[in-house]
Amino acid sequence: MDTLILVIIGLVAGPVIGGLVAGLDRRVTAWFQSRQGPPIMQSFYDVAKLLGKEKMVVNQWQILCAWVYLIAAAVSVGLFFAQGDLLVIFFVQAVGAVFLVMGAMSAKSPFSQVGAQRELMQILAYEPVLILVFVGIYLVTGSFSISAVWELEQPLLAKMPLLYLALGYALTIKLRKSPFDFSTSHHGHQELVKGVLTEYSGPYLALVEIAHWYETVLILGLCALFWSTNVFWMAALLLGTYALEILVDNTMARMTWRWMLKRVWLLGMGMSVVNLIWLYAG
Amino acid sequence: MFGSFIKKSRAKSPWIMHFDCGSCNGCDIEVLACLTPLYDVERFGIINVGNPKHADVLLVTGTVNHRNKKVLKNIYDQMPEPKAVIAIGACGNTGGVFRDAYNVVGGIDKVIPVDVYVPGCPAKPEAIIDGVVVGLGKFAQKVEEAE
């Protein structure tokens, strides 16, 4: 019964937190550019408007793919709140990510196609990092279950600092922020229009956007696990991480997928492996 | 309740698609000026999306000619309803000084239905923002009539 309540809290809180984070993000970004920026609620207005638009699809696959992406993202957040198994969460969110790409691939538009290829590269870059983080959590707690993390006396960050940095790469890629925003640019009037999202429109774009909020919450939740012993430090860690994320987004240019693979695989996975060896030997 | 929130959101999140139909770039520079920190149209939730499938409002600058009238029609058709069209500048409204040229069809309204005409050569950013606000009122009206 408790689990069910936690799942419902997760499913409801996911989009609310995700939407507010997105709104706050745009506000802070506007402040960096000495603008006023949109209201904090802007993301909700955007999604509500999209839900009210005409349904226009290139083919039926897009409808299926948008729904599967949303459901997978929502289920992974639900599982996370229900203290589920990290590996199950990982696979469920990976299925969602792949369906987003498949939906983009089903349309012939070159923007959508190139965006889908780049999104695949991004998945290729961050998924190994995520799995290595989960392996690290397993080495510390002896279990893939999230409930084992809450029983720790000492925050995970003390034992997995390098893995946290590597998770930062995954967070940046998942948030689709610079320098890793090449599969779908934040501003649509650029070389790739909207990349993977180009061919999704109206209500289906809204579904993809809600799924994106769920994914943001999932990855931020993973970051929160790193300081599970104290709520205030957890909040400070999340705030600090996200502030750094916005700073990086605003100061970096968009890079190529080759640059990303080199950085994430060499640095990100290198740091992860060093941390894992340290955990294993120590 | 959710229906009224959607209705309210339409006016708060107009995504714009800007199409240069054959303008001298004067009006285009003014359109882009709206996005700069000075005018900052993102305050009103306005985003330049560059993709007709995501757009609510089509801003068109410049005259229509025989080569690009199909492109204009195509972009208009790709936008999901509800949508509004705003013609910007003297050329977009009527063809301007080029109206008698052999290759010019005329204003935007010769090809697609226009909701708002923003005059000027070039149109001022304030006038363009005003045009978008009026356009939003128009498409709220259209939605209600359709219901």
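The values are calculated or read from the model by the stated rules, or taken from the named source; none is laboratory data. The shown structure was predicted, so the numbers you read here are calculated from the model rather than taken from an experiment. We place every Cβ from the backbone using ideal geometry, glycine too, and count neighbours over all the protein chains shown.
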| Which listed residue is out of contact with any Pro (no Cβ under 9 Å at 6 or more places or on another chain), in contact (Cβ under 8 Å) with a residue 24 or more places away in the chain and more than 7 Å from chain A (Cβ to nearest Cβ), from B:I16, B:I46, B:I29 | B:I16
| query | Identify, please: which residue in the stretch A:152-201 is part of a loop (DSSP other than H, G, I, E, B) and aromatic (F, W, Y) and is, among those, surrounded by the fewest Cβ atoms within 10 Å (Cβ to Cβ)? | reply | A:F182
| request: Taking the residues in the stretch B:1-13 that are free of Cβ contacts under 8 Å to residues at least 24 places away in the same chain and either more than 9 Å from chain A (Cβ to nearest Cβ) or polar (S, T, N, Q) (or both) as candidates, determine which candidate is surrounded by the most Cβ atoms within 10 Å (Cβ to Cβ). | output: B:S9
| query | Going through the stretch A:62-84 one residue at a time, which ones are modelled with pLDDT under 90 and surrounded by fewer than 20 Cβ atoms within 10 Å (Cβ to Cβ)? | reply | A:Q83
| Members of the stretch A:23-46 found to be more than 8 Å from chain B (Cβ to nearest Cβ) and part of a helix (DSSP H, G or I), listed by number | A:G23, A:L24, A:D25, A:R27, A:V28, A:T29, A:W31, A:F32, A:S43
| query | When both residues are 6+ apart or on different chains and their Cβ atoms are under 7 Å apart, which pairs have a first residue that lies in the stretch A:185-205 and is closer than 20 Å to B:P82 by Cβ and more than 8 Å from chain B (Cβ to nearest Cβ), and a second that is surrounded by fewer than 21 Cβ atoms within 10 Å (Cβ to Cβ) and polar (S, T, N, Q)? | reply | none
| remark: Residue pairs within 8 Å by beta carbon, gap of at least six or interchain, first lying in the stretch A:54-71 and closer than 24 Å to A:K174 by Cβ and more than 14 Å from chain B (Cβ to nearest Cβ), second hydroxyl-bearing (S, T, Y) and in a loop (DSSP other than H, G, I, E, B), listed first then second, are A:W61/A:S106; A:C65/A:S106
| note | Only one of (1) in contact with a Phe, Trp or Tyr (Cβ under 8 Å, 6 or more places away or on another chain); (2) within 14 Å of another protein chain (Cβ to nearest Cβ); (3) over 14 Å from A:E209 (Cβ atoms) does not apply to A:S76, and that is (2)
